[in-house]
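K.L.:
Just dropping this structure here.
None of the figures in this text is laboratory data; all of them are computed from the coordinates on show. In this text the structure is predicted, and so the values were computed from the model without any measurement. Here Cβ is always computed from backbone atoms with ideal geometry, including for glycine, and neighbour counts include all displayed protein chains.
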Amino acid sequence: MKILAPVDHVEEIETLAEAGADEFYGGFLPAEWNTAYADVGSLNKRTFADAQFSTTDELAAGVEAAHTLSRPFFLTLNNNFYSPAQLPLVLREIERAVQFKIDALIVADPGLILEIKKRRYPIELHISILAGVMNSAAARFYGDLGAARVVLDRSLTTAEAARIIAAEPEMDFESFLMYGKCPNVEGLCSFFHDDNPEHIWPCGYPCDLEPTTEASPASAAHAAWSTKPRGNACGLCGYYTLETAGLSAVKIAGRGRRTEDKTRAVRAVAALRDVSLTGAGPAAMAEVARQSHAELFNADCDPYSCYFPAED
Amino acid sequence: MVMERAIYLTEIPGEFDSAGFSRLYFGAEFCENKIPGVEETAAAILTAADSGLDFSLLTPYVTDRGLTLLRDVFVSLPADRSIEVVCNDYGTLLLLRQERPDIAPVLGRLLSGQKRGFGISSRQADAGPALAETWRASTFDSPILRKYLKDKGVGRVELDNLPQGGTSDFTDSGLAASLYAPFGYVTTTRYCPFAFQDGRWLNIAGECGRACRQGMIEETGDIFNRPVWAAGNAQFYENQDIPSDEELTSQGFDRIVFESSIPV
């Protein structure tokens, strides 16, 4: 399985490649877009500058750096939808991506996908987690629209993911494995991401509200999301099943995080891959995964930060 | 244009007041464990017919397990042109077209992409006009998507009644449109708080026994200073500021779906 790592600036590409990253993805907010929509109206679901390549030149340099290392670069354009007014600006970015020889676009808006298909841009389409694909028929729907790869929803169990992969053998699939586990179904969540420090990070919002009904096990389970370190979410224990199922790539979340954090996550997954190459079975792999989790986060596994809490 | 009024129920009571309504919405939008079975669906269709109502089956986003459940229900639906299926998952749309091309698919509000929730209320005043406009738009505004949906047999799309107002206009689009009221959904999760037990979410394995129907969590919120309810595996706001029939008609809406309670 390939390891897909987030990048926000050209300097971190070589470091992440040395750690074991095989593919890269990132975002970019052009000045014209920022003037009209500001960072909170981002075209790639990240609303802060640290999670974006800062200039066109730097984006081009990032793509070139990845290609120099024989690794592909994917551009994230994954809003749930772009309005008719936004579409010309988005298409301009796609034309720029084609010009820079970006290898794939990570997209979620069915309208945008149809526009891309109509124009026959020579670029691969990967369906973002923002499309909320949870079943094999939905994957086929996007495959029929020309998608080559689908990012599966984070809340799927490894068994559910395996069923989808088996049902659609012509498609490539990708799953998040490290960091940033949102409790909500991202493709169906209507919060917009707003990183203003005066505001609560929106993924935390549903659980940071004050219950006004009597406390109950349900309200406690609901509220617990806001007290757990979800930013350090981990799915290493699912690696064996996902690899056996034929998953094409595991994805590290974390656009906007420190290079050091990204590198640690890539190294952890790469180390697990090395163990897998020795022919280790599921029990041995799970043990390595648990040790790796403990070393990375200095914490025990926890259902709120585990990618696969429904499994043994 | 006459505004059609539909009543939304998640469970069919022995008796209910259907006065003023011409259609029954029944089923589940948010959880595959609440997909009604074949017999339950047949009973709901019968109840609707007895009350002189047309019938719309609501379906949720699903895993492959849910697709299997839905396939059985779809196959069992009677051939009746007044029956619709509301799809909140593009996989479900594909399944319906494959199994029952004779039944009209509707695209539900979970696929509308509308922006609801945190920050919009506080940011709207200082957002530029372009951004504010985006917060009132929807996925269904795309002309190329509208054409695609029509080609796939979709004749209707559905949206929530946004606190910040909606600008989607379906006049002369070839698509009919419905508005849900008074409750809008904010988000949904598979980590259902009502199904959490011993470190596991039982609903993921289909073992929750629909525990969510035992209650809900009300929370103080910031969605235009409205409370928010966590009901089952989804969260909702209430918006009693429902546009008039004339306003809705001017934007191409021809149906209001009234939720008799928060749809859990």
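K.L.:
Across peptide A:136-146, how many C-beta atoms of other chains are within 10 Å of each residue C-beta, on average?
P.N.:
If you average over the peptide's residues, the count of other-chain Cβ atoms is 5.
K.L.:
From zero up to wherever the largest Cα-Cα distance of the protein assembly as shown sits, split into 10 Å bins and tell me the percent of pairs in each.
P.N.:
Bin by bin from 0 Å, the calculated values are 3, 18, 29, 28, 16, 5, 1, 0.
K.L.:
For the stretch A:139-195 and the stretch A:227-257, what is the separation of their Cα centres, given in Å?
P.N.:
Taking the Cα centre of the stretch A:227-257 as reference, the centre of the stretch A:139-195 is 12 Å away.
K.L.:
In what sequence do A:92, B:116 fall when counting other Cβ within 10 Å, fewest first?
P.N.:
A:92, B:116
K.L.:
So for the protein assembly as shown, taking the charge dipole from beta-carbon charges (+1 Lys/Arg, -1 Asp/Glu), which of A:152, B:264, A:80 sits furthest toward the positive end?
P.N.:
A:152
K.L.:
Dipole size in debye (nearest 20) for the protein assembly as shown around its Cα centre, Lys and Arg Cβ +1, Asp and Glu Cβ -1?
P.N.:
That gives a dipole near 960 debye.
K.L.:
Another question, then. Could you sort A:14-22, B:13-21 so that the peptide with the highest average Cβ count within 10 Å comes first and the rest follow in order?
P.N.:
Sorting A:14-22, B:13-21 by mean packing, highest first, produces A:14-22, B:13-21.
K.L.:
What are the extents of the Cα atoms of chain B along their three principal axes, in Å, largest first?
P.N.:
51, 49, 36
K.L.:
Quick check on the exposure proxy: order B:1, A:178, A:171, B:216 from fewest to most C-beta atoms within 10 angstrom.
P.N.:
With the sparsest Cβ surroundings first, the list reads B:1, A:171, B:216, A:178.
K.L.:
For residue A:95 and residue A:57, FRET efficiency with R0 = 30 Å and r from the beta-carbon atoms, rounded to 0.05?
P.N.:
Efficiency for this residue pair is about 0.95.
K.L.:
Starting with the fewest neighbours, write out B:4, A:23 ranked by other beta-carbon atoms found within 10 Å of each beta-carbon.
P.N.:
B:4, A:23
K.L.:
Given contacts defined as C-alpha pairs under 8 Å and at least six residues apart, what's the relative contact order of the stretch B:97-249, whole-number percent?
P.N.:
Relative contact order comes out at 22 percent.
K.L.:
Any idea what the dipole of the stretch B:32-132 comes to, in debye rounded to 20, about its Cα centre with Lys/Arg Cβ at +1 and Asp/Glu Cβ at -1? Present the calculation step by step, with values, prior to reporting the outcome.
P.N.:
Values: 10 positive and 13 negative charges, 109 e Å.
Charge dipole of the stretch B:32-132: 520 debye, to the nearest 20.
K.L.:
Quickly rank B:37-45, A:274-282 as a protection proxy: mean count of other C-beta atoms within 10 Å, highest first.
P.N.:
Most protected by this proxy first, the peptides run B:37-45, A:274-282.
K.L.:
Then there is this: Debye calculation, C-alpha points only, no solvent: report log10 I(q)/I(0) for the stretch A:223-312 at q = 0.10, 0.15, 0.19, 0.23 Å⁻¹, in the same order as the q values.
P.N.:
-0.25, -0.57, -0.92, -1.31
K.L.:
Right, something else. Set Lys and Arg Cβ to +1 and Asp and Glu Cβ to -1, take the dipole of chain A about its Cα centre, and tell me which of A:128, A:166, A:106 lies farthest positive.
P.N.:
It is A:166, whose Cα lies furthest towards the positive end.
K.L.:
Please work out the C-alpha center-to-center distance from the stretch B:71-123 to the stretch A:35-68 and express it in whole Å.
P.N.:
Using only Cα atoms to place each centre, the spacing works out to 35 Å.
K.L.:
What nm value, rounded to one decimal, do you get for the distance between residue A:85 and residue B:240 when each label is placed 7 Å out toward the C-beta?
P.N.:
3.2
K.L.:
If you average the C-alpha positions of the stretch A:6-32 and of the stretch A:85-134 separately, how far apart do those two centres end up, in angstrom?
P.N.:
The two parts, judged by their Cα centres, are 19 Å apart.
K.L.:
Take every residue in peptide A:110-119, count the Cβ atoms of other chains within 10 Å of its Cβ, and give the average of those counts.
P.N.:
Per residue, the average neighbour count from other chains is 4.
K.L.:
Ok, one more. At R0 = 35 Å, how high is the FRET efficiency between residue B:133 and residue A:311 if r is their beta carbon distance? Nearest 0.05 is fine.
P.N.:
About 0.20, to the nearest 0.05.
K.L.:
Which whole number gives the average count of other chain Cβ atoms within 10 Å of the Cβ atoms across peptide A:216-228?
P.N.:
For peptide A:216-228, the averaged partner shielding equals 5.
K.L.:
Moving to a separate point now. Over 22 Å between C-alpha atoms is what I'm after, so list which of A:262/B:115; A:2/A:101; A:45/B:147; A:117/A:181; A:45/A:251; A:117/A:262 land there.
P.N.:
A:262/B:115; A:45/B:147; A:117/A:181; A:117/A:262
K.L.:
If you put +1 on each Lys and Arg Cβ and -1 on each Asp and Glu Cβ, how big is the dipole of chain A around its Cα centre, in Debye rounded to 20?
P.N.:
Charge dipole, chain A, about its Cα centre: 580 debye, nearest 20.
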